[in-house]
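The values are calculated or read from the model by the stated rules, or taken from the named source; none is laboratory data. In this text the structure is predicted, and so the values were computed from the model without any measurement. We place every Cβ from the backbone using ideal geometry, glycine too, and count neighbours over all the protein chains shown. Side chains are part of the model used for accessible areas, which takes the heavy atoms of the whole protein and leaves out ligands, DNA and RNA. Shrake-Rupley method; radii C 1.70, N 1.55, O 1.52, S 1.80 Å.
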Amino acid sequence: MPINSVKADETIQTVSKTKTLIRLFSYLLNYKRSILAVLIIMAVSIGITLVNPLIIEYAVNVNIKNGDQKGLYQLSILALVLNILLVLLIKLRMYLMSILSNDILVTIRQELYIHIQKLSFAFFDSRPTGKILARIIGDVNSLKNVLSNSVTTLIPDFLTLVAVVVIMFIKDAKLALAAMASLPLMMVGVWFIQTRSHKRWQIHRKKSSNLNAFIHEDLSGMRIIQSLTAEEETRKNFDVLLEEHRKSFIDAILYSDAFGSVIDFCWGLGTICLYLIGVRLIGADQVPVGTLLAFGTYISMFWRPVMNLSNFYNQIITNISGAERIFEILDTKPDITNAKNAETMPDICGEVVFSHVSFSYEKDTKVLDDVSFRIKPGETIALVGPTGAGKTTVVNLISRFYDVQEGAVLIDGKDVRTVTLESLRKQMGIMTQDNFLFSGTVKENIRYGKLDATDEEIIAAAKAVNAHDFIIKMEKGYDTELKERGAGLSIGQKQLLAFARTMVSMPKILILDEATSSIDTHTELLVQQGIEALLKGRTSFVIAHRLSTIQKADRIFVIDKGGIVEEGTSKELLKKKGAYYELYMAQFKNIA
């Protein structure tokens, strides 16, 4: 399997980390009460933590020095009660933040999914499905610890750090300066590491996305791979992507792990400065034992928050690339949107007009060039022509999956760009050659065409396309559970169910894009009867390579070279012995 499409790294627009973090943390503002509760818990926890060294100092300098055993026992009981309370408060804080962070992840994932559903076909044409899945699943999950620790680590550790520094300077400024002597060295080391770490985590996210896209594509095309005995080639491609993923992770983690080493080194250096420099300069006899022990505790309380904050910073550097990739999609604006003053499309009668329409998917390559035609309500129009001539483009413009670059598409005299997408597409039935079925029951799959359809309407639609007979023979009839993509059903059966799903919506305009291409001749005869009943009284567009399916069309458009080269009924076009005649005879010879 070719891997060029999935191996190419995605290009992400560069955005400052500060803006990304502000945008990410803004989600916390929707949970003010929960945040307030957590902050209160943290304030009490910090207070207990800061009191502990003072208890030790008082116990040594007063109780032990004066031989006050009763006071020492009372102080010990107080310390025990406070620290049990501290453990319980920490557990409660972590529990509340876990709930809060998961709620935020759900919100982000919902926003991302809803936004992706609004994006235009051009967005999906430009990237594999696996890369989109990587952002919805992996990138969102990567934010959990960042969101949780933003409150449980950032705020309490920062406040603890400030409080510890203030207390140390109040007790002895010289000892405080000695304890923090290695802080500038730590700041330089952390800055050096983070500048290199962030770039490498961005690369790793891209390689993860490539691997995810390949796996998704590989599983989707497993039948093709096995039928062509391409397992070995696919494995080699997988190994290439897997090795790139592994190397990118190692490159990133080497820098991330260096954070802890730098902090540990500076922590140890600060402790040495406290005992070997600070005490020596001041004089050991001038520092009470209890105060020295308290300072030893405070220096741990100083460097532990520094370590936690550095780890949190490391998490940000590691996972901010996930947030960047998420916001990049959320900031992607759909090409096809409702106009500011878009109105609801009235009930469609069925007149369709192309007025000097030109369209191209790529610059300098026009698929349609100044195309004009008018379709009367209730007409059935067949579109034929060579592959890539623009047949599907015509119906995509009617459905407004793309917008014209020049000219206009009118339905009942209204430009499709002036009405809401929902009101337009809701009155259309679109049936493609991709007879995609969802996991769920037969009934649910048919009802997808009209979410409020009754059971009677579902059965009527199934009967119209002659699907009812095979459905009732299934294990649970209409309540039979279908596997992903309708696995276990024949191609013809899947096609019939897809037809029923389209028919239940009772569309005003019907579009059949190669809808019978996968059906055998016997099944086609059954479906054709249902199609004829559905086409009656509706404006319909039928794209078909199999010319036998369009003999009863009111008009046939032969599309080629950016326009309509022939137009007429099947009999009229055969008499002309032009492009349609050549297609018909070539197909007839192939069948013969």
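Selection over segment 153-185 of residues that are under 38 Å from the mean Cα position of the chain (by Cα) and open to solvent by less than 10 Å² (accessible area, probe 1.4 Å) gives a count of 1.
The residues of segment 472-490 that are at positive phi and outside any loop (DSSP other than H, G, I, E, B), listed by number, are Gly477, Arg485, Gly486.
Considering segment 311-338, and only residues there that are of a type outside the set (Ser, Thr, Tyr), part of a loop (DSSP other than H, G, I, E, B) and open to solvent by 20 Å² or more (accessible area, probe 1.4 Å), the residue that is farthest from Leu112 (Cα to Cα) turns out to be Asn338.
Note on segment 497-510: residues that are over 32 Å from the mean Cα position of the chain (by Cα) and either over 13 Å from Leu424 (Cα atoms) or open to solvent by 10 Å² or more (accessible area, probe 1.4 Å) (or both) amount to 2.
Table: residues versus (1) farther than 26 Å from Gly537 by Cβ; (2) crowded, with 17+ Cβ neighbours inside 10 Å.
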residue: Gly413; (1), (2): no, no
residue: Leu421; (1), (2): no, yes
residue: Met431; (1), (2): no, yes
residue: Phe438; (1), (2): yes, no
residue: Asp455; (1), (2): no, no
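Tell me, please, whether a residue that is closer than 26 Å to Met428 by Cα, under 38 Å from the mean Cα position of the chain (by Cα), outside any helix (DSSP H, G or I) and modelled with pLDDT of 85 or more can be found in segment 513-535. Looking through segment 513-535, none of the residues is closer than 26 Å to Met428 by Cα, under 38 Å from the mean Cα position of the chain (by Cα), outside any helix (DSSP H, G or I) and modelled with pLDDT of 85 or more. Out of all the residues in segment 543-558, is one or more modelled with pLDDT of 80 or more, closer than 29 Å to Leu424 by Cβ and within 34 Å of the chain's Cα centre (by Cα)? The answer is yes, given that some residue of segment 543-558 is modelled with pLDDT of 80 or more, closer than 29 Å to Leu424 by Cβ and within 34 Å of the chain's Cα centre (by Cα).
One line per residue, one yes/no per condition, for (1) under 20 Å from Asn145 (Cβ atoms); (2) in contact with an Asp or Glu (Cβ under 9 Å, 6 or more places away or on another chain):
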| site | (1), (2) |
| --- | --- |
| Ser76 | no, no |
| Leu88 | no, no |
| Leu92 | yes, no |
| Lys118 | no, no |
| Arg127 | no, yes |
| Gly130 | no, yes |
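The set of residues from segment 383-434 being among the hydrophobic types (A, V, I, L, M, F, W, C) and assigned to a strand (DSSP E or B) comprises Leu383, Val384, Ala408, Val409, Leu410, Ile411, Val419, Met428, Ile430, Met431. Listed by first and then second residue, the pairs linking a residue in segment 474-494 that is farther than 13 Å from Asn445 by Cα and at pLDDT below 90 to a residue that is open to solvent by less than 40 Å² (accessible area, probe 1.4 Å) and assigned to a loop (DSSP other than H, G, I, E, B), with Cβ atoms under 7 Å apart and 6 or more places separating them unless they lie on different chains, are Met474/Thr480; Gly492/Ile519. Exactly one residue out of Asp103, Asp139 is assigned to a helix (DSSP H, G or I), charged (D, E, K, R) and surrounded by fewer than 21 Cβ atoms within 10 Å (Cβ to Cβ), and it is Asp103. Residues in segment 395-425 that are farther than 13 Å from Phe354 by Cβ and without any contact (Cβ under 8 Å) to a residue 40 or more places away in the chain were compared, and the one that is nearest to the chain's Cα centre (by Cα) is Glu422.
In segment 447-471, what residues are without any contact (Cβ under 8 Å) to a residue 12 or more places away in the chain and assigned to a loop (DSSP other than H, G, I, E, B)? Matches in segment 447-471: Leu451, Asp452, Thr454.
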